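Each remark here refers to the structure printed beneath this line.
Every read-out reported here was derived from the displayed coordinates using simple, explicitly stated rules and does not represent laboratory data. Only a predicted model underlies this, so the values are computations on that prediction, with no experimental measurement involved. Cβ sites come from the backbone with ideal geometry, for glycine too, and all protein chains shown count toward neighbours.
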Amino acid sequence: MYGTHNMATVDSVKTSENQTLIMLVDDDPIFRRVTSGYLTAQGYEVMEAENGLDGLQKLRTAEPDLILCDIAMPVLDGIEFAEEVSLEYPSLPMIVVSATEDMSDVAKALRFGIKDFLPKPIGNHEHLTSAIENTLDDTFNHIADQRDFSSQWFRVDAGDMPEEQELHWHLDFLQQNPSAARDLLHALLPDKDTSQGSWKCSYRLLQSTDIMPLVFDYAWLMNGQFAFYLVDSAAHEGHGTATTLLVRALFHDYLRNLKSFNADLKDMAYLLEKGISCSDCASPVKAMFGIADLSEGTVSLLPAGLDAQWSNGYITQHISAGTKLGENCIKNFIVTDLPINSAGQLSLNRLGSSSFSMDIHQASNA
């Protein structure tokens, strides 16, 4: 049973024993007919909804194993539908389909726990089968509840990197469509202002929209740490998007598996470099990683190809770029225990194209 609503048992939609039920939500009757026919031929049972509102109404009397929905729909679009489903049925996996120009909307939907996306029209239905099988496999094994969508693509599980990465076809799609890749990476940037307890963090990132972007991400940890990273997705080998998504997947996977332990920059860098070395679609990139220990009021930084500056109003310290991520950045000097005092700022510039600054401070008690 999914979510907090009680599913109807008398008149609910039922499938034959061991048959997977997929809800297909799309306003295009031709797409529904073609896709439904293919899925039925693959052994799935399919129920259709013509828009998001119709889908929500049918969920009251149905128990699908997975939802496949379009982004652009009337009445209730795919983003609104995904948000409603994530609130009411948080364990019900969803895959979205979208036209390539809607990449920023795809990223918005991914924030609501979408496990995968497919560009529309679906030219190769084997990709659809693969996405469904991988998503269901993760869901049935209870390892997808808190996983980032990029972990789904790289099949990251329990912090262990397999000897050979199974890289999904999405990465080829993004590499062949650089504008879509840029849109996705831009849209995945987190909220600019965030806080936990008395601590607040904000960042500013100014950059051109026609180049591969700097990508920033962060996470608050239960033990009073604030972990973050910055990656320059403009890798020389053209694998910047795949590498950035791999970093994103492994960063969050590493933090999820910490449990009660403190995050460690060397451990994090080791996992990330191992992931890059295992992947044919990833290559060295410029990056920087940091952990703010808020109980101590300090920040530690591991440069991995990005040159930066730390300032807290009393001291200013230059952080040398060092070796790039993927080229044994663990040997770089980790700057530890930089004092935040009342407020600290990390800043850097990518000459002629980008500027970044992150401010972290503790609110006054007054």
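Structure data summary
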| read-out | value |
| --- | --- |
| Extension gain from residue 337 to residue 307, taking 0.36 nm per residue of separation minus the Cα-Cα distance | 9.0 nm |
| Residue order, fewest to most surrounding Cβ atoms within 10 angstrom, among 129, 209, 35, 243 | 209, 129, 35, 243 |
| Using alpha-carbon coordinates, inclination of helix 178-187 to the longest axis of the chain, degrees | 80 degrees |
| Rg/Rh ratio calculated on Cα atoms of the stretch 194-362 (Kirkwood radius) | 0.94 |
| Between 0 and 90°, nearest 10: helix 78-88 axis offset from the chain longest Cα axis | 90 degrees |
| Computed log₁₀ I(q)/I(0) - Debye formula, equal Cα scatterers, no solvent, the chain, q 0.14, 0.15 Å⁻¹ | -1.16, -1.28 |
| Expected 222 nm ellipticity per residue - DSSP helices of 4 or more, -39500 (n - 2.57), all of the chain, to 500 | -9000 deg cm²/dmol |
| For the stretch 21-145, diffusion coefficient by Stokes-Einstein and Kirkwood Rh (Cα), 25 °C, 0.890 mPa s, µm²/s | 173 µm²/s |
| Tilt relative to the chain, helix 125-140 - C-alpha long axis, 0 to 90 degrees, to 10 | 70 degrees |
| DSSP-defined antiparallel bridges as percent of all bridges, the chain, nearest 5 | 75 percent |
| Point-to-point label distance, residue 133-residue 259, nm (Cα→Cβ direction, 7 Å offset) | 3.3 nm |
| Relative exposure of 348, 250, judged by other C-beta atoms within 10 Å (fewest first) | 348, 250 |
| Projected label distance in nm at residue 88 and residue 61, using a 7 Å step from Cα toward the beta-carbon | 1.4 nm |
| Fewest-first sequence of 259, 192, 324, 200 by Cβ atoms within 10 Å of each Cβ | 259, 192, 200, 324 |
